[in-house]
1. Using a 10 Å cut-off on Cβ atoms, rank the peptides B:244-252, A:88-96 from the highest mean neighbour count down.
2. Compute the distance in nm between two label points, each set 7 Å from the Cα along the Cα-to-Cβ direction, one at residue B:189 and one at residue B:61.
3. Report the net charge of residues surrounding residue B:24, where surrounding means a beta-carbon distance below 14 angstrom and charges are Lys +1, Arg +1, Asp -1, Glu -1.
4. At 0.36 nm per residue, minus the direct Cα-Cα distance, what do residue B:235 and residue B:250 gain on full extension? Give it in nm, one decimal, please.
5. At 7 Å along the Cα-to-beta-carbon direction for both residue A:137 and residue B:52, put a label point, then send me their distance in nm to one decimal.
6. Once amide H atoms are placed 1.01 Å from N in the peptide plane, what residues at a sequence separation of 5 or more from residue A:32, or on another chain, have their amide H within under 5 Å of its amide H?
7. Within 10 Å of each Cβ of A:215-227, how many other protein chain Cβ atoms are there on average?
8. Over the whole of A:122-133, what's the average partner chain Cβ count within 10 Å per residue? Rounded to a whole number, please.
Amino acid sequence: MPAAAFGLLPFAVYVLLFLALPTLIAVGTGFVGNDGGFTLDTVAALGDPVVLAAFGSSIWLSALTAIIGAVVGALVCYALLGARTGGALRSTVDSLSSVIAQFGGAMLAFAFTATIGIQGMVTLLLQERLGIDIFADGVWLYELPGLVLPYIYFQVPLMIITFMPALASLKTTWAEANATLGGTARTYWLRIGLPVLAPSFLGSLLLLFANAFSSYATAATLTSQGAQIVPLQIRSALTSETMLGRENLAGALSLGMILVMTVVMIGYSRLQSRAARWQR
Amino acid sequence: MTAGIRSVRGVAHAPGRATRLLILGAVGLVFAVPILAMIEFTLRRGLVGGYDFQRWIELFQNGLTGEYAPVLVALANSVGLAVGTVVIVLVLLVPTMLLVHIRFPRLRRTLEILCILPISIPAIVLVVGLAPVFSGLARFVGSGVWTLAFAYGITVLPFAYRAIQSNLDGVDVRTLSEAARSLGAGWLSVLLRVLVPNLRRGILAGAFIAVAVVLGEFTIASLLSRVNLQTALVVVSKNDPYSAVILSLLALFVAFLLLLAIGRLGTERRRPARADPTTPTTPTSGGVQS
């Protein structure tokens, strides 16, 4: 090895210490029992009905908001097709999307409490003007259904950011070829546009799923009690060691999350490499 | 015969004006509601009813020194962490990327996978493993807030990598460094006087996105019991939701301006006279909520 290889050391050590080691610890503690020895008991906790229900809720919430977010986001991308890259419209939408998708977190919880909380603007408007009580069957904002709207609110912007490059890479020449051969807008989208975009769309959909699945800040701020989704169960496992009477449950839950994320991200990278074919 | 496909600014498959306005208008309106609700919330006059700017005025008159001083401390923490994270990107990531690019091209794919990996590891999972690492770290360097920068360096890795890599792809770094070397430059001056100036857009964009991600981070700080802007806002919201919402609005606005600046960096890349083959993509793409 040449001497220059030593230049790679600092970064390698850093990644080892703060990425590889924590991930191994997080996943590994799931196999450590109360006595410090190897055990499969904690991992078996993943089969516990409470834990299974949390994974079910997490997957349901992520899938629902990913699908809605992907469809709405793709529509916005389509609407932005004619706008000039770097123009006022595009750069405003881009920046707003990034702010909401990456910066929102805890603040989205405030935003939705102010909107559809018990004293929220929309709640009161509906009550006073139309006589509709959105909480007639109990307050659902601080439970699982309450997460749907805030999650969609950060999923749509992420879709705009990730899907726009794919849509923008549709070549004008394809539309011209279609027109020259006597095709209509319908044949263009059915035969060219949608098939070319399908891998990108599905890839973005998976990324949105992963995004919602691993999201913590909004849910943690909105629901201070209870643990309906997996990240919140990890919180309770971390803050109270006695949950379900098992130590190291956080490790087992992390293992479960990593497994789901791995499957999703493998699918994502497969689809991305298929999509890349058309994006030159 | 070829009805239906119009050409808007050379994009043949773009939607018509009416369709565009309809979609953007509808989505924009729905997305404006929570922001408007936040503003409406801060203007409420308690039980009396009606609206005024009292809460905004009060917050600025005495709030920023008295009861909300912790928020300022937290903001200072977050800014410090952002600077620390940028330093990690500049000192660890940038030289490594260049070294791999120039001397070890075969490791390029490995580096890419390594840098993108944090996207598939949720922050909440990372924090489970980071807790023991940080308690070990505390024995050597203490448990100051600044140590969080080590964790944030990992969180921003995918974003910073993509921003810098998209710039790196468009610059012939190899030829540049060989030319500089053959003219007698040492490695350090190649790095600082030739490569970094050529990659400043990517590096700057990577640094900006790192700042935005760090200022918005909640999960790791909250579960490792460190105070940063986001955790402080949540604490404030428990006692005084109005001030928390005002401060959030301000933070969102500042973040918006910051990201608008990143967008500008992305598009300015087109302008130089020398043809730059990279497509000016905004380096803010992708990402996973913390």
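1. Put in order of decreasing packing, that is B:244-252, A:88-96.
2. For residue B:189 paired with residue B:61, the spin-label model returns 6.2 nm.
3. Residues close to residue B:24 contribute a combined charge of +2.
4. Details: separation 15, 0.36 × 15 = 5.40 nm, distance 1.69 nm.
Gain on extension, residue B:235 to residue B:250, equals 3.7 nm.
5. Output for this residue pair reads 4.3 nm.
6. A:39
7. That average works out to 4.
8. 1
The values are calculated or read from the model by the stated rules, or taken from the named source; none is laboratory data. It should be emphasised that the depicted structure is a prediction, and the values quoted were computed from it without experimental measurement. Note: ideal-geometry Cβ built from the backbone for every residue, glycine included; neighbour counts use all protein chains shown. SASA here: full protein model, heavy atoms, side chains in, ligands and nucleic acids out. Shrake-Rupley method; radii C 1.70, N 1.55, O 1.52, S 1.80 Å.
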